[in-house]
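The values are calculated or read from the model by the stated rules, or taken from the named source; none is laboratory data. Because the structure is a prediction, the values reported are computed rather than measured. Here the Cβ positions follow ideal geometry from the backbone for every residue, glycine too, while neighbour counts run over all protein chains shown.
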Amino acid sequence: MASRLTSKELRTRTQSRRRSATRTDAGETSAEANASVTGSNAPPTDLNLEASIGRRVRALRQRLQLTATDLAAQAGLSPGMLSKIENGGTSPSLSTLRALAEALHVPMTSFFADFEERRDCSFVPAGQGVRIERRGTKAGHHYELLGHSLSGDIVVEPYLIRLDANASTYTQFQHDGMEFIYMLSGKVIYRHADKLYPLAPGDTLFFDAGALHGPEELVTTPMTYLSIIVYPRQ
């Protein structure tokens, strides 16, 4: 037979359950909020002006191969102040920005370039990609550029590549950056350096494009695959 609870014991148990439920809901809400910040592991975009200026100052200093101590001395700042600026911990005055611009040999407006930079977006309707001629064109490889990046330190080139029955193999592709291949239709034996990879629809290949690479054997044609090339902007 179940034991009876006094009214005081019942109130205590009810309050304990409510506190537990509140903690659980808060934890779930916090987890959901964190998950909704970004759909990937990439860090969220920081739109803080001070942080944007700091990143720009650091990038310009490193481009000139200056140490933080060197730049601080040339701009008449203390190393501690420069560290705060580069880490976005303070809002530099106009006179400080002018001194940094002179020391870095850039206009003051360059410090705001990242903050005011337009966010790229490229939309290409189906079948309207730009036909591009590349080294594989002579081997019967058809390239359709599906988008392009206008700014930033990284260039991304997404291509839809089609090889018909009259295409030939070509394994002498070699360029800077990384390349990602997603097989859409057909089958191919793809070479990267000294290794061969059989690719069928749904298979992917991600590799350093500095090594020789390309289709070694056209198993089933016509074939199409998505090729995304990423490399630093010069």
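Every condition in (1) under 15 Å from Y225 (Cβ atoms); (2) among the charged types (D, E, K, R); (3) exposed (fewer than 15 other Cβ atoms within 10 Å of the Cβ); (4) in contact with a Lys or Arg (Cβ under 8 Å, 6 or more places away or on another chain) holds for D153 except the one numbered (1).
Restricting attention to region 157-178 and to residues that are of a type in the set (A, V, I, L, M, F, W, C) and over 16 Å from R135 (Cα atoms), the residue that is farthest from the chain's Cα centre (by Cα) turns out to be A165. Considering (1) in a strand (DSSP E or B); (2) at positive phi; (3) not aliphatic (A, V, I, L, M), the lone condition that G202 does not fulfil carries the number (1).
Residue pairs whose Cβ atoms lie under 8 Å apart, separated by 6 or more positions or on different chains, with the first residue in region 82-107 and without any contact (Cβ under 8 Å) to a residue 12 or more places away in the chain and the second surrounded by 17 or more Cβ atoms within 10 Å (Cβ to Cβ) and among the aliphatic types (A, V, I, L, M), are P107/A101. Kindly evaluate A73 against the criterion of being without any contact (Cβ under 8 Å) to a residue 40 or more places away in the chain, crowded, with 16+ Cβ neighbours inside 10 Å and of a type outside the set (F, W, Y). The answer is no for A73. Here the strands (runs of 3 or more DSSP E) wholly within region 80-187 that include at least 3 residues being in the same structural domain as G210 (by TED's automatic domain parsing) and at pLDDT 85 or above are 141-145, 154-163. Quick check, is L196 surrounded by fewer than 16 Cβ atoms within 10 Å (Cβ to Cβ), assigned by TED's automatic domain parsing to the domain that holds T221 and either more than 23 Å from the chain's Cα centre (by Cα) or in a strand (DSSP E or B) (or both)? The answer is yes for L196.
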